[in-house]
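Q: Before we start, here is the structure in question, set down as structure tokens.
The values are calculated or read from the model by the stated rules, or taken from the named source; none is laboratory data. From a predicted model like this one, the values you see are computed outputs, not experimental measurements. Here the Cβ is made from the backbone with ideal geometry for all residues, glycine too, and neighbour counts use every protein chain on show. Calculation scope for accessible area: heavy atoms of the full protein, side chains included, ligands and nucleic acids excluded. Shrake-Rupley method; radii C 1.70, N 1.55, O 1.52, S 1.80 Å.
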Amino acid sequence: MPSDQEHNAGIRVLLSVNFNHDGSAVLLVDGAVAGYVNTERFSRIKKHPGLREEDLDELLDQAGIGLADVDLVMLCNLHNMDSPDIVTLHGSDLKDTWFEFWLNQAQNQAQIRGHRLAAVVNPDHHLIHAATAYYTSPFSSGVALAIDPAGCRGFIGQENKLYPVLHDFDVWFNANVGYTSVAKFMFGSGIVGAGKVMALAPYGEPADPAPAPAAMSTFEELMTLAHQDPKIVDVGGRSLNATLAYYIQAGLERQVTRVFKELGEICVRNGLDRNIAMSGGTALNVVANQIAFDAADFDSLYLHPACGDDGTAIGAALWYWHHVLGNPRQEHKPAQQMYSVREYSPEMVQRAVDKQSDRLVVEQVADHAARAAELVAGGAVIGWYQGASEVGPRALGHRSIVADPRGADIQDRINATIKFREFFRPFAPSVLDEHSKEWFGIDDSPYMLRAAQVSKPDVVPGITHVDGSARIQTVRSADNPDYHRMISAFHERTGVPLVLNTSLNVKGEPIVETPEDAVRTLLDSELDYLVLPNLVLSRRGER
């Protein structure tokens, strides 16, 4: 029998699947992502857990391989299936849509479509969150942090190894659970409502705020504090206590800051570079991230765009490839983290347009970036569709809705007539990286996961939140040349080096994936135009 070392030496192709909410899968070939699928993009059901048969086909097709080529399969987060939020959102039967697989009693072999594969089942959840960020970061050493409603864990990263920090943050860290409780209480779901709580929080700051709840032990204590002098926001016939959102956000900021400081001390004691990589659903709270980083003694912060469970399939595969198999780290390439593998050919785009030709006005253009900038500067709200879809929940200039950030009413217009969501939810700017420090004070936020104060809020009210902040995406030409060119053209016309950017979808749907999805979104919403490579579409009869 071959030894484990001899067996591992022959592993080149890893298939890794996340079965929890935000179902996803990755094929890693020689340490590089050869295929990636986020189930909801293809099923059109938000937060769809696991992977369907057709998604497995899509993944294999992206990589150009068959199951016979796979050396090891990793089945992640199996014990989290049918989480309460999924049941609340979609009922309890979504796991019935998963592809069929079999596990032996020892859970070290799986059978998929007649192929028996070596298997790893349920690698540590927070470890694979942390691995997603650390192994895709530019850091050769530092710490990695994973926070989500299930816990808070730290790890030490040294070259291709990732070791747990023997420090029990969960003894005192409870803002993650509190945040989920508030999101469920206010919006019916933790995983969908958390972002709404963050957006609502600035509206609830009391005139004389009490200390942030650093060590509250019960939800009842938090509710008592929030009801002492509540600020009420009326949304769609509902009265929301924004002060409750304010206090849980303040508590999260204080506790994440404490974790950052303690991890900074661990960096110093262990002679590590002062770098921190962060993942887990809580990493989507861009306000807390930035406050904690500014207060701690770190030189660099890195966040992977798929901080949620959609990234755990990637993290598991990278952890096994590097930590278990001992393979060296690869060169950090930011653009490769931003977008999935599947691109749609001009022929596929044309077919999608032809299917709706009786409802569309089609304009052929030689320079779609320049035309898009002209439309946006003229007040149009456009869909911008190109290349492969984004990895993670943020639109990063491939599946975006783009508008002029100078309009005072643009936020209300998009929320009310296109996105159909609450008025208090802000929109992000995509800013040319070379102008980011001038406008926001930071210049390293390619994945829209850091917040900053807007230096000229009166110029760009459309992307300025009520507290003067914005969740920014910095855009480099090397990462996204067409998007950078479009923003540059807008800059030349207006003197403003940024545009308003939000995801190309409507309420209740995930970000669009296919050209058909994009055309349907144009037809079913109040978008003015949809811009694709060398094409500009609008609805027939409206122009």
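Q: Roughly how big is segment 288-415's charge dipole about its Cα centre, with Cβ charges of +1 (Lys, Arg) and -1 (Asp, Glu), in debye to the nearest 20?
A: On the way: 11 positive and 17 negative charges, 63 e Å.
For this selection, approximately 300 debye.
Q: Classify segment 365-495: rounded, prolate or oblate, from the alpha-carbon gyration tensor (a ≥ b ≥ c, eigenvalue square roots; a/c under 1.5 rounded; otherwise prolate if a/b is larger than b/c)? Walk me through the numbers before you get to the answer.
A: Numbers: a/c = 1.29, a/b = 1.13, b/c = 1.15.
Rounded shape, in that the Cα axes give a/c under 1.5.
Q: Near E331, within a Cβ-to-Cβ distance under 15 Å, what is the net charge of the other residues, with Lys and Arg +1 and Asp and Glu -1?
A: Details: positive: R329, K333; negative: D30, E159, D479.
Here the charged neighbours net out to -1.
Q: Hey, another quick one. At a threshold of 8 angstrom on Cα-Cα distance, excluding pairs fewer than six apart, so keeping six or more, what relative contact order does the chain reach in percent?
A: Relative contact order for the chain comes out at 14 percent.
Q: Keeping all protein chains in the complex and leaving out DNA, RNA and ligands, what accessible area do you get for L15 with a 1.4 Å probe, in Å² to the nearest 10?
A: Counting only protein heavy atoms, L15 exposes about 0 Å² to solvent.
Q: Normalised by the residues of segment 358-407, what does the relative contact order come to in percent, with Cα pairs under 8 Å and at least six apart? Mind showing how you got there, number by number?
A: On the way: 44 pairs, mean separation 16.3, N = 50.
Rounded, it is 33 percent for segment 358-407.
Q: So, with a 1.4 angstrom probe, what is the percent of accessible area on segment 247-347 that is carbon and sulfur? Let's see the in-between values first.
A: Details: 1610 of 3600 Å².
Summing carbon and sulfur atoms, their accessible area is 45 percent of the total for segment 247-347.
Q: With unit charges on the beta carbons (Lys and Arg positive, Asp and Glu negative) and the dipole taken about the Cα centre of the chain, which residue among F423, W172, A194 sits farthest to the positive side?
A: Value computed over the given set: F423.
Q: Something else about it: Would you be so kind as to identify which of V233, H435, V26 lies farthest towards the positive end of the dipole of the chain, taking Lys and Arg as +1 and Asp and Glu as -1 on Cβ and the Cα centre as origin?
A: So the residue we want is V233.
Q: Here's something else I'd like to know. With a 1.4 Å probe and all protein chains kept in place, how do M348, M74, M223 rank by accessible area, largest first?
A: Numbers: M348 65, M74 0, M223 35 Å².
So, going from the largest accessible area down, we get M348, M223, M74.
Q: Moving on to the next point. How big is the charge dipole of the chain about its Cα centre, in debye rounded to the nearest 20, if each Lys and Arg gets +1 on its Cβ and each Asp and Glu gets -1 on its Cβ? Intermediate values should be presented prior to the final figure.
A: Values: 46 positive and 69 negative charges, 105 e Å.
Charge dipole, the chain, about its Cα centre: 500 debye, nearest 20.
Q: Once the whole set of protein chains is in place, how much accessible area is left on K261, using a 1.4 Å probe, in Å² to the nearest 10?
A: Approximately 100 Å² for this residue.
Q: Probe radius 1.4 Å, ligands and nucleic acids left out: which of T97, T312 has the largest accessible area, and how do the rest follow?
A: Working: T97 55, T312 0 Å².
The residues order as T97, T312, largest area first.
Q: Same structure again: Less than 29 Å apart at the alpha-carbon level, and either on another chain or at least 8 residues along: which lysines does that give for K419?
A: Those lysines meeting the cut-off are K46, K47, K95, K184, K196, K231, K355, K456, K507.
Q: Aspartates and glutamates within cross-link reach of K261: Cα-Cα under 16 Å, excluding same-chain residues under 8 positions apart?
A: D168, D170, E253, D273, D294, D297, D299
Q: Taking only C-alpha pairs under 8 Å that are 6+ residues apart, what is the relative contact order of segment 79-235 in percent? Intermediate values should be presented prior to the final figure.
A: Numbers: 158 pairs, mean separation 18.1, N = 157.
Relative contact order here is 12 percent.
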